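I have placed the structure first, in the form of structure tokens, so that the comments after it can refer back to it.
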Amino acid sequence: MKGAAVCGAALVLAGLAGIVRTQPWLAKTMHATKEADEVYGLPPPFELHIATLGWDSAVADMLWSKLLVEYGTHWAEHRDFTGVPNYVDAILELEPTYPSVYQFVDTLLAYRPLRGTEDDVRKARAYLERGTRERPDDPKLWLRYGQFIAFIAPSFLNDDADRKTWRNDGAIAIGHAVELGAEPDDAIAAADMLRGAGQTQAAIRYLEHAYAFTEHPSMTEVHEAIGKRLAILQATHMRDEADAVLRAVEEGRRRDFPFLSRGHYLLLGPIANVAECAGFAAAKEPACVRDWSSLPLGAPGDNSQP
């Protein structure tokens, strides 16, 4: 009996020694596993239709809930979270018009734990653009898409040209949202951005639509604000066009007849190259017009179409 007791005590001591020896390693391994990105265990999006056995909508809701839980958990634990596209791709495969994805995907990617990158922002834009295709008549979606690429995304971009292009695209999207029924006062911000990008005619068009939409007693204040901004833009556009005409005339006079006064040159009309402008096809070319009213002019830097 005494030998058995000694043997048992020895086993207990050996077990305690083993725990003491392996506990730090196990704790370290567990911590490293916890800190790493979780393994995404679902099949590829295309195969999900088979796995859900027809319960696509229910599974999409479940995945959305799981995504929000993981997002919040990673923020609480200060851990990086790069698995957002896995969940989003799966949800949109099951339900391409899923509204919650398009409402929050920009936040989930641009402001993911611990911080989004330029690549995340570009992915968010791609998802929102898909949303505009899946839900083309949704003004809220168009407005969110425009606001994201105009105001939020540019701060994540490294190239100045990209920032300018994205802001311009955002302004156009906001203007389209107003056309679909979004809040008309958003057209003022869109118009200012388009004007800043040199697209004055597009800005005027959006404000004209917004001005018509707000012609209601309950929207008097917004209607008047849009009307004032529209009048300023129209006057500015007319002045820019007049300046462009004067520059074109002066450049032509200096090139063709620098010894003539501007008044005498205006009497002559645009000077066309007779050899290059022969024939019906050439007569339609901008360089072959024969009167000032047909001269193709636009405001400096204005790339918009009438």
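Look at (1) more than 22 Å from residue 193 (Cα to Cα); (2) modelled with pLDDT of 75 or more; (3) in contact with a helix residue (DSSP H, G or I) (Cβ under 8 Å, 6 or more places away or on another chain) and you find that residue 216 fails only one, number (2).
When the stretch 112-137 is filtered for residues that are over 17 Å from residue 170 (Cβ atoms), without any contact (Cβ under 8 Å) to a residue 24 or more places away in the chain and not charged (D, E, K, R), only 136 remains.
Quick test of your reading of the structure: residue 122 fulfils all but one of (1) more than 15 Å from residue 153 (Cβ to Cβ); (2) out of contact with any Phe, Trp or Tyr (no Cβ under 6 Å at 6 or more places or on another chain). Name the failing condition by number. Status for residue 122: all satisfied but (1). Residues in the stretch 50-85 that are surrounded by fewer than 17 Cβ atoms within 10 Å (Cβ to Cβ) and within 22 Å of the chain's Cα centre (by Cα): 82 only.
Yes/no per residue for (1) of a type in the set (Val, Ile, Thr); (2) in a loop (DSSP other than H, G, I, E, B); (3) at pLDDT below 85; (4) in contact with a Pro (Cβ under 6 Å, 6 or more places away or on another chain):
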{"position": "22", "(1), (2), (3), (4)": "yes, no, yes, no"}
{"position": "42", "(1), (2), (3), (4)": "no, yes, yes, no"}
{"position": "75", "(1), (2), (3), (4)": "no, no, no, yes"}
{"position": "92", "(1), (2), (3), (4)": "no, no, no, no"}
{"position": "102", "(1), (2), (3), (4)": "no, no, no, no"}
{"position": "105", "(1), (2), (3), (4)": "yes, no, no, no"}
{"position": "112", "(1), (2), (3), (4)": "no, yes, no, no"}
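In the stretch 194-203, is there at least one residue being under 22 Å from residue 102 (Cβ atoms) and surrounded by fewer than 21 Cβ atoms within 10 Å (Cβ to Cβ)?
no
All conditions in (1) outside any helix (DSSP H, G or I); (2) more than 21 Å from the chain's Cα centre (by Cα) hold for residue 97, with the sole exception of (2).
May I ask you to verify whether residue 59 is in contact with a helix residue (DSSP H, G or I) (Cβ under 8 Å, 6 or more places away or on another chain), modelled with pLDDT of 90 or more and farther than 22 Å from residue 122 by Cα? For residue 59, the condition - in contact with a helix residue (DSSP H, G or I) (Cβ under 8 Å, 6 or more places away or on another chain), modelled with pLDDT of 90 or more and farther than 22 Å from residue 122 by Cα - is met. On inspection, residue 195 fails the criterion of being under 20 Å from residue 124 (Cβ atoms) and touching a residue at least 12 places away in the same chain (Cβ under 8 Å).
The values are calculated or read from the model by the stated rules, or taken from the named source; none is laboratory data. Model, not experiment: these values are computed from the prediction. Glycine also receives a Cβ, built like all others from the backbone with ideal geometry; neighbour counts cover every protein chain displayed.
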